[in-house]
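Values in this text are rule-based calculations from the coordinates and carry no lab data. All of these numbers come straight from a predicted model, not from anything done at the bench. Quick reminder, even Gly has a Cβ in these numbers, built from the backbone with ideal geometry, and neighbours come from all protein chains shown.
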Amino acid sequence: MKKFSVLIAHYNNFEYFKDCYKSLLTQTFQDFEVIVVDDFSTDDSFEKIRELTQTDSRFKLFQNDKNSGVGFTKRKCIEMASGEICGFVDPDDALQENAIEVSLKNHTENNVVTYSSFTLCDNNLKPQRTFAHSRAVKNGDKKFFNIFLEANHFFTFKKSAYDKTSGINPELTSAVDQDLYLKLYETGNFIYIKEPLYLYRLHANGVSQDSSKKIKLNENWQKVILDTAKRRNITQLYGKNISEISDLPTFLKTKQNNIIAKILRKFS
């Protein structure tokens, strides 16, 4: 059994994947496997990835029978993994060379997740700035919905903790990471690593940059929050019935971003 499983959900992304691949080869910790699940790419990128990685037995490649969406694909990545600890890396992003080693050192019996600060990069993966909202979150908070994306990349988790959840919702086409994070939050403690371990590429085709995808993203985020509230037996938030809140992400951002909330976050 490998100690660590790198999980990559891929679709039509070979050119960017080459940077991701290089960052894995230069890791200071090398006892890992890489699970790549291709979501039925329409170009020849999956074949190129197969050719690129064919001499490295750590790379395990799979392909969906049809285009099934990112929720289905990421769920399948975890199902195929044999590592005790897993971490997703998007094919258009990359890791700092010590990312896996540092993450593993921060895993103890008392936590189920580690996550780090991360660096926002340009299209060529040149660092621009550190993501401003990464911070340590309070564990065991029933009203934690990761609304400011405090918990984010590089996010690693014990597979045994994931197995206690219902797993990633395969029907989601976005907000998949939030679904994963919030379900794992309910299984145990999160540990924050202040060091930026992940390189996040900003480019025109990314979900966060594509305005046409933002509407669907908000719809999926709404569903994730509703599902989370149901699991936690929450029917009201800040004195209002959840069923009456049409835009939960915006509602929660407003309620959790007042001056008192800011002070509490700063000293939590």
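Please give the helix 211-231 orientation as an angle from the longest Cα principal axis of the chain, in degrees from 0 to 90, rounded to the nearest 10.
Approximately 60 degrees, to the nearest 10.
What's the magnitude of the charge dipole for the chain around its Cα centre, counting Lys and Arg as +1 and Asp and Glu as -1 at the beta-carbon? Answer in Debye, nearest 20. Could you put the intermediate results ahead of the total?
Numbers: 38 positive and 34 negative charges, 265 e Å.
Rounded to the nearest 20 debye, it is 1280 debye.
In what sequence do CYS86, CYS121 fall when counting other Cβ within 10 Å, fewest first?
Working: CYS86 23, CYS121 20.
Ordered from fewest to most neighbouring Cβ atoms within 10 Å, CYS86, CYS121 come out as CYS121, CYS86.
With the contact rule set at Cα under 8 Å and sequence spacing of 6 or more, what percent relative contact order holds for the chain? Intermediate results must be reported in sequence, preceding the final value.
Working: 491 pairs, mean separation 54.5, N = 268.
For the chain, the relative contact order is 20 percent.
For a quick check, take a GNM of the chain with Cα springs below 10 Å and name the residue from LEU25, LEU184, LEU104 with the largest mean-square fluctuation.
Maximum among the listed residues: LEU25.
Determine, for THR119, THR254, the number of other Cβ atoms within 10 Å of each Cβ, and report the residues in order from fewest to most. Don't skip to the answer; put the middle values down first.
On the way: THR119 22, THR254 13.
Fewest to most other Cβ atoms nearby, the residues stand as THR254, THR119.
Quick check on the chain: take the gyration tensor over C-alpha atoms, sort the square-rooted eigenvalues as a ≥ b ≥ c, and tell me if it's rounded (a/c under 1.5), prolate or oblate. It would help to have the intermediate numbers written out before the result.
Working: a/c = 1.62, a/b = 1.45, b/c = 1.12.
Since a/c reaches 1.5 and a/b is larger than b/c, the shape of the chain is classed as prolate.
Neighbour counts of other C-beta atoms within 10 Å: give me THR73, THR250 arranged from fewest to most. Could you put the intermediate results ahead of the total?
Details: THR73 25, THR250 14.
Placing the least packed residue first, the sequence is THR250, THR73.
Using just the helices of the chain, give the 222 nm mean residue ellipticity in deg cm²/dmol: DSSP H runs with n ≥ 4 each add -39,500 (n - 2.57), and the total is spread over all residues, rounded to 500.
Values: 9 runs with 91 residues, N = 268.
The helix-only estimate for the chain comes to -10000 deg cm²/dmol at 222 nm.
Under a GNM of the chain (C-alpha, springs under 10 Å), which listed residue has the highest mean-square fluctuation: ILE225, ILE193, ILE245?
Most flexible of the set in this elastic network: ILE245.
Can you find, among THR173, ALA229, SER68, the residue farthest towards the positive end of the dipole of the chain? Put +1 on the C-beta of Lys and Arg, -1 on that of Asp and Glu.
ALA229
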